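Engineer: One structure is given below, represented as structure tokens, and several questions about it will come after.
Bear in mind these aren't lab numbers, they're just calculated from the coordinates by the rules spelled out. Bear in mind the structure is a predicted one, so any value in this text is a computation, not a measurement. Positions of Cβ are generated from backbone atoms using ideal geometry, with glycine treated the same way; all protein chains shown enter the neighbour counts.
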Amino acid sequence: MALVTTKEMFRKAYEGGYAIGAFNVNNMEIIQAITEAANEEKSPLILQVSAGARKYAKHNYLVKLVEAAVMETDIPIALHLDHGEDFEICKACIDGGFTSVMIDGSKHSFEDNIALTKKVVEYAHERGVVVEGELGRLAGIEDDVNVSEEDAMFTRPDEVEEFVSRTGVDSLAIAIGTSHGAYKFKPGQKPRLRFDILEEIGRRLPNFPIVLHGASSVSQEYVKIINENGGKLDDAIGIPEDMLRKAASMAVCKINIDSDLRLAFTAGIREYMANNPSHFDPRQYLTVARSNVKALVRHKLINVLGSAGKAQ
Ligand code: G3H
Ligand code: 13P
Ligand code: ZN
């Protein structure tokens with residue numbers, strides 16, 4: 001099967017009340033772990049590449065590794081640019097084999113976001129590539145915003161119809177209280193997402209795929225392994241999995257996960273090296289790291305996203 005766009009997978013996910021996992025990839029082991037898990041679970045899949053990943057591994061290496069994964073598997077896989085910040089990076093990925101791009105104009109004014117997103121959509125659609133836009137801004141706890149500032153960062157439901165119709169985007173990332181990284185809430189703060197906003201957006205945009213960024217759950221099991229083996233991750237806290245299941249049953253069709261993969265990968269390496277301090281063959285600790293990521297992705301596909309078995 002060749003690389004596909006997200007169109008068909010989102011249509012089925014919306015109808016079926018589940019979501020497609022969009023997992024960030026940076027190297028061969030992570031790509032292998034994710035695609036093997038999805039293939040064994042017969043799940044559609046999105047592999048996404050950030051600007052940082054493109055810089056680290058280089059565009060051609062990542063595209064060729066993903067093409068190899070497509071050859072090794074029998075599931076629909078989309079290759080997506082995560083958080084494209086300008087037209088140029090989107091164009092490079094559209095011209096360079098990606099089937100989906102995100103143009104993240106969320107830091108711009110509403111009008112500038114529309115103009116930039118529309119420009120990318122026009123270029124992408126002429127070449128059969130789909131586009132994710134973003135409205136609203138994800139806050140990090142390090143941003144130290146107060147409640148009224150936080151409210152202002154959430155996606156405004158009264159803007160979504162105009163944004164989607166004027167830009168022509170194929171999916172929309174929204175801000176309802178998630179954030180990137182392993183520290184999503186302040187210590188002692190109860191995790192909370194604005195499902196009322198998601199519901200209102202779903203009402204205003206019927207049958208339209210919504211995207212949830214910053215959706216790692218930050219497994220305390222991996223945090224503990226890292227901390228017990230020389231790491232220092234205090235107060236790391238993520239999005240509870242039942243909230244992600246709820247979002248997937250609503251209009252959310254794409255759930256972005258990166259930090260969870262990093263924790264699983266790093267826990268594997270830290271534990272292996274702590275138990276085998278004299279070993280220095282990278283294949284040994286990378287095998288453990290890869291197995292951890294594979295087990296984690298399998299868990300997400302079956303128990304969180306609900307996409308296992310949906311690739312038939
Ligand atoms: O949303 C951000 C992703 O986790 C990618 O992170 O820019 O460090 O590759 P990165
Ligand atoms: P996490 O940091 O929660 O994994 O979010 C990843 C993400 O949104 C990538 O775009
Ligand atoms: Zn993101």
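Engineer: At what distance in nm do the modelled label points of Lys55 and Ser148 sit from each other, each positioned 7 Å from its Cα along Cα→Cβ?
Structural biologist: Taking the two extended label points, one gets 3.6 nm.
Engineer: With the dipole of region 58-177 worked out from charges on the C-beta (+1 for Lys and Arg, -1 for Asp and Glu) around the Cα centre, which of Val169, Leu81, Ala69 lies farthest toward the positive end?
Structural biologist: Selected residue: Ala69.
Engineer: Amide H to amide H, which residues 5 or more places from Ile20 or on other chains are under 5 Å from it, using H placed in the peptide plane?
Structural biologist: Lys254, Ile255
Engineer: Here's another thing I want to ask about it. Would you mind working out the magnitude of the charge dipole of the chain relative to its Cα centre, with +1 at each Lys and Arg C-beta and -1 at each Asp and Glu C-beta, to the nearest 20 Debye?
Structural biologist: Values: 36 positive and 45 negative charges, 138 e Å.
That gives the chain a dipole magnitude of about 660 debye.
Engineer: Compute the FRET efficiency between Asn275 and Asp234 as 1/(1 + (r/R0)^6), taking r as their Cβ-Cβ distance and R0 = 22 Å, and round to the nearest 0.05.
Structural biologist: Numbers: r = 23 Å, r/R0 = 1.05.
Once the sixth-power term is evaluated, E becomes 0.40.
Engineer: Same structure again: Name the residue from Val304, His279, Cys253 whose Cα lies farthest towards the positive end of the charge dipole of region 252-312, charges +1 on Cβ of Lys and Arg and -1 on Cβ of Asp and Glu.
Structural biologist: My answer, from the dipole projection, is Cys253.
Engineer: Rank these for me by crowding, Met28, Met71, going from fewest to most other beta carbons within 10 Å.
Structural biologist: Details: Met28 16, Met71 9.
Fewest-to-most ranking of Met28, Met71: Met71, Met28.
Engineer: Normalised by the residues of the chain, what does the relative contact order come to in percent, with Cα pairs under 8 Å and at least six apart? Before the final figure, lay out the partial values.
Structural biologist: Working: 611 pairs, mean separation 71.3, N = 312.
Relative contact order comes out at 23 percent.
Engineer: Something else about it: With all distinct Cα pairs included, what does the Kirkwood hydrodynamic radius of region 154-312 come out to in Å, to one decimal, could you say? Can you show the working numbers first?
Structural biologist: Working: mean 1/r = 0.0577 Å⁻¹.
17.3 Å is the Kirkwood radius here.
Engineer: In region 79-209, if the dipole is taken from +1 on Lys/Arg beta carbons and -1 on Asp/Glu beta carbons about the Cα centre, which of Cys93, Val131, Leu193 is farthest to the positive end?
Structural biologist: Farthest towards the positive pole: Leu193.
Engineer: What Kirkwood hydrodynamic radius, in Å, does region 251-290 give when the mean of 1/r is taken over all pairs of distinct Cα atoms and then inverted?
Structural biologist: Details: mean 1/r = 0.0882 Å⁻¹.
Taking the inverse mean of 1/r over all distinct Cα pairs, region 251-290 comes out at 11.3 Å.
Engineer: Here's a follow-up. In the chain, if every C-alpha pair distance is counted and binned at 20 Å from zero, what percent goes to each bin?
Structural biologist: 34, 60, 7, 0
Engineer: Separate question: Under unit Cβ charges (Lys, Arg +1; Asp, Glu -1), what dipole magnitude, rounded to 20 debye, does region 157-210 have relative to its Cα centre? Walk me through the intermediate numbers first.
Structural biologist: Numbers: 8 positive and 8 negative charges, 94 e Å.
Dipole size: approximately 440 debye.
Engineer: How big is the C-alpha Rg of region 65-163 next to the rule-of-thumb value 2.2 N^0.38 Å, as a ratio? Display every interim value, and only then the final one.
Structural biologist: Values: Rg = 16.1 Å, N = 99, 2.2 N^0.38 = 12.6 Å.
Here the answer is 1.28, to two decimals.
Engineer: Also: Which of the lysines could be linked to Lys310 by a straight reach, that is with a Cα gap under 20 Å, when you skip same-chain ones fewer than 8 residues away?
Structural biologist: Correct list for Lys310: Lys7, Lys12, Lys42, Lys246, Lys254, Lys294, Lys300.
Engineer: Something else: What percent of all Cα-Cα pairs in region 1-160 falls into each 5 Å bin, going from 0 up to the bin containing the maximum distance?
Structural biologist: 1, 9, 17, 18, 19, 16, 11, 7, 2, 0
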